[in-house]
Amino acid sequence: MISILLIGTCDTKAEEILFLKSCLEESGARVVVMDVGVMGTPHFQPDYSNADVALAGGSTIEAISKLSDENEAMARMAKGAAALARRLHEEGEIQGMVALGGTMGTDLALEVASALPLGVPKVVVSTVAFSHLIPAERIPADLTMMLWPGGLYGLNSICRPVLAQAAGAVVGAARATIRVTRERPMIGITSLGKSCLSYMVALKPELERRGYEVAVFHSTGMGGRAFESLAEQGRFAAVLDLCLQELSNELAGSVVTAGRSRLEAAGRAGIPQIVAPGATDMVDFQAWKSIDGRYRDRPFHAHNRLVASVTTSVEDRVRLARTIGEKLSLSRGAVKFVLPLRGVEQWDRPGEALHDPEGLRAFVCEMRRSVRAPVELVEVDAHINDAAFTDAVLRIFDEWVASEVVAAGVT
């Protein structure tokens, strides 16, 4: 039987939790209730009490309830809830989670969801679902959020269907999860769409021909989050992290970001990395909003009605090069940085809207200074979308396979 972890404050939202529990059970799931409340004692017995949660976080519920700071109290409960949920999943006790709450409950639920591996169904019913209050680095890449309308104080005909749908969503997702058999080593590639970056069109079939499974991640925020999460789990035999535009966005304050930890997980895990600066000359913003004053006079490209891009300044590109160098220097595995000298995305060519030779020169010069041993710099006198760039990446990859830095593919 599918077991679902149900998280909420059982002292203040008992009616809602019990209703959601009944919906989960009607869907055929076993329900494990975790109480994360600190204000009182619920009138029913959860499977894991708030005392259990506090203990899992290295504290006691008595100590937490005495805190005068509500934020600190919930942060400690979040720590315990995340640790307990992780343990329950590792022991096979739960196959999915659902949580409900306002801003406090959502804050805690995001912590728990982030503690569970990518692929474990996670549903959060929240009064601030996907609000701009939530930073990108707090959102697990596979999270499902549903707005909790009209449900702040008790049940009604508006919020009941939402809770029932949340129950169906998490149970359905848990039942539909397939057991993955990893017959071939996985290679992760980052890119944008092929109108901007096209190297994966050639790389993917070449890597598959060598006996690898290939996954290409769209570097538009959540794609980078998923890529980092899977790298942290050790799912890749090697990564071709060839599009770092999310780093450029993060440094510029764009909402199109994968968070501050982008370009770190593979290095921490010791996964071999071939890295390149795809699309690092751009900052993305919402095409339906006015351009930030800092970029109003910069070269502009509207990709569609959702996203538009402007070129970054020379100063921004120098700062980005230093950031890339610093992050790569912390890597525990083999790293080569492939630097295309004639442009880093399709519109960075002579005559195109975002061509900026001065910015490219500054970036190249700073990358030469910022890449230091054991990271190796490989310069390619070509554009990133040219065949010469793809050939250089494959040549490095093949050398690593021959020297057993990367596990051989299965053909």
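The values are calculated or read from the model by the stated rules, or taken from the named source; none is laboratory data. Worth saying up front: this structure is predicted, and the values here are computed from it rather than measured. No Cβ is skipped: glycine too gets one built from the backbone with ideal geometry, and neighbour counts run over all protein chains shown.
Per this entry, Val410 is not counted among residues that are of a type outside the set (S, T, N, Q) and buried (at least 21 other Cβ atoms within 10 Å of the Cβ).
Residue by residue, here is whether (1) hydroxyl-bearing (Ser, Thr, Tyr); (2) part of a strand (DSSP E or B) holds:
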position: Ile4; (1), (2): no, yes
position: Thr12; (1), (2): yes, no
position: Leu24; (1), (2): no, no
position: Gly28; (1), (2): no, no
position: Val31; (1), (2): no, yes
position: Val38; (1), (2): no, no
position: Glu62; (1), (2): no, no
position: Ala75; (1), (2): no, no
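Residues that are modelled with pLDDT under 95, touching a Gly at 6+ places or on another chain (Cβ under 8 Å) and crowded, with 24+ Cβ neighbours inside 10 Å: does the range 104-121 have at least one? Within the range 104-121, one or more residues are modelled with pLDDT under 95, touching a Gly at 6+ places or on another chain (Cβ under 8 Å) and crowded, with 24+ Cβ neighbours inside 10 Å. Of the residues making up the range 104-136, those that are touching a strand residue (DSSP E or B) at 6+ places or on another chain (Cβ under 8 Å) and either among the β-branched types (Val, Ile, Thr) or at positive phi (or both) are Thr106, Val112, Val120, Val123, Val124, Val125, Thr127, Phe130. When the range 381-402 is limited to residues that are part of a helix (DSSP H, G or I) and of a type in the set (D, E, K, R), the one that is nearest to Trp347 (Cα to Cα) turns out to be Asp391. Selection of the range 253-295 for residues being more than 17 Å from Arg317 (Cα to Cα), more than 17 Å from the chain's Cα centre (by Cα) and surrounded by fewer than 19 Cβ atoms within 10 Å (Cβ to Cβ) yields Gly270, Gln286, Ala287, Trp288, Lys289, Ser290, Ile291, Asp292, Gly293.
Looking only at the range 38-59, residues that are among the small types (Gly, Ala, Ser), within 29 Å of the chain's Cα centre (by Cα) and surrounded by 13 or more Cβ atoms within 10 Å (Cβ to Cβ) come to 3 in all. If you go through the range 361-405 and pick out every residue that is hydroxyl-bearing (Ser, Thr, Tyr) and either under 16 Å from Leu328 (Cα atoms) or surrounded by 16 or more Cβ atoms within 10 Å (Cβ to Cβ) (or both), you end up with 2.
Exactly one residue out of Glu111, Glu62 is under 24 Å from the mean Cα position of the chain (by Cα) and charged (D, E, K, R), and it is Glu111. Out of the range 344-360, which residues are farther than 18 Å from Asp284 by Cβ and either in contact with a helix residue (DSSP H, G or I) (Cβ under 9 Å, 6 or more places away or on another chain) or acidic (Asp, Glu) (or both)? Scanning the range 344-360 gives Pro350, Glu358, Leu360. Considering only the range 366-384, state which residues are in contact with a Gly (Cβ under 9 Å, 6 or more places away or on another chain) and either outside the structural domain of Ile274 (by TED's automatic domain parsing) or under 12 Å from Gly343 (Cα atoms) (or both). Once the filter is applied, which keeps residues that are in contact with a Gly (Cβ under 9 Å, 6 or more places away or on another chain) and either outside the structural domain of Ile274 (by TED's automatic domain parsing) or under 12 Å from Gly343 (Cα atoms) (or both), the range 366-384 yields Ala382, His383, Ile384. When the range 347-375 is filtered for residues that are modelled with pLDDT of 95 or more and within 27 Å of the chain's Cα centre (by Cα), the ones remaining, listed by number, are Phe363, Met367, Ser370, Val371, Val375. Leu152 meets each of the listed conditions (1) touching a Gly at 6+ places or on another chain (Cβ under 9 Å); (2) touching a residue at least 60 places away in the same chain (Cβ under 8 Å); (3) surrounded by fewer than 19 Cβ atoms within 10 Å (Cβ to Cβ) apart from (2).
If I ask for residues that are assigned to a strand (DSSP E or B) and either in contact with a Gly (Cβ under 8 Å, 6 or more places away or on another chain) or more than 16 Å from His383 (Cα to Cα) (or both), which ones from the range 316-365 would you list? Within the range 316-365, Val335, Lys336 qualify.
Residue-by-condition table, conditions (1) at pLDDT 85 or above; (2) in the same structural domain as Ser219 (by TED's automatic domain parsing); (3) of a type in the set (D, E, K, R):
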site: Val255; (1), (2), (3): yes, yes, no
site: Gly267; (1), (2), (3): yes, yes, no
site: Asp281; (1), (2), (3): yes, yes, yes
site: Lys289; (1), (2), (3): no, yes, yes
site: Arg294; (1), (2), (3): no, yes, yes
site: Phe300; (1), (2), (3): no, yes, no
site: Leu306; (1), (2), (3): yes, yes, no
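Only helices (runs of 4 or more DSSP H) whose full extent lies in the range 180-273 are considered here, and the ones with at least 1 residues that are acidic (Asp, Glu), touching a strand residue (DSSP E or B) at 6+ places or on another chain (Cβ under 9 Å) and free of Cβ contacts under 8 Å to residues at least 24 places away in the same chain are 199-209.
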